[in-house]
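Structure first, commentary second.
The values are calculated or read from the model by the stated rules, or taken from the named source; none is laboratory data. Since the structure is predicted, the reported quantities are computational estimates derived from the model, not experimental observations. Ideal geometry is used to build each Cβ from the backbone, glycine not excepted, and the neighbour counts take in all protein chains shown.
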């Protein structure tokens, strides 16, 4: 599935405080017991795998499977910041601090094929840059925390790959059924 911006990565709302939130279940008819493998926060978009098999979910969420993100950050990302991201940075991870594992990071051109951002920016907001980040873990809001830690807050976050499965040219809200993962 290409999870659109503004949706929670869940199918049922079990919280009284989030009554008007958009849920994945609003995007189609899904089998009973379906779950998202991993999560993308409400302001993130991109590839989200769905399954009814807990073992598949556990394998995909493991450190054996790479997850690649295209990240737009505020400012012109420096080589020093890229180096820190590659080595791993210390982020807040309740109840303590956590050093992220080394990851792959490289500057990229703006991925125009992924469509326009939810919010429009112009030159008054300052420059931005794009990077591809490939991680093997998936802590809560990890990529956002990592870029903020090196001084470049995330503006837009799009997951484009999980293992060998690519987002490709799917549009937000598109759902493709795979025979097996």
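Quick notes on this one:
- Test for residue 166: is it within 25 Å of residue 63 (Cβ to Cβ) and out of contact with any helix residue (DSSP H, G or I) (no Cβ under 7 Å at 6 or more places or on another chain): yes
- Of residues in region 39-64 being buried (at least 19 other Cβ atoms within 10 Å of the Cβ) and out of contact with any helix residue (DSSP H, G or I) (no Cβ under 7 Å at 6 or more places or on another chain), the one modelled with the lowest pLDDT: 60
- Those strands (runs of 3 or more DSSP E) lying entirely in region 1-116 with at least 1 residues touching a residue at least 40 places away in the same chain (Cβ under 8 Å): 35-37, 45-47, 49-51, 67-74, 90-93, 96-99
- Unmet requirement for residue 142, which otherwise passes all of (1) at pLDDT 95 or above; (2) surrounded by fewer than 18 Cβ atoms within 10 Å (Cβ to Cβ); (3) out of contact with any helix residue (DSSP H, G or I) (no Cβ under 8 Å at 6 or more places or on another chain): (2)
- Restricting region 154-179 to residues that are surrounded by 13 or more Cβ atoms within 10 Å (Cβ to Cβ) and not in a strand (DSSP E or B) leaves a set whose member that is nearest to the chain's Cα centre (by Cα) is 167.
Yes/no per residue for (1) more than 20 Å from residue 40 (Cα to Cα); (2) at pLDDT 95 or above:
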residue	(1), (2)
81	yes, yes
90	yes, yes
96	yes, no
106	yes, yes
112	yes, no
118	no, no
123	yes, no
129	yes, yes
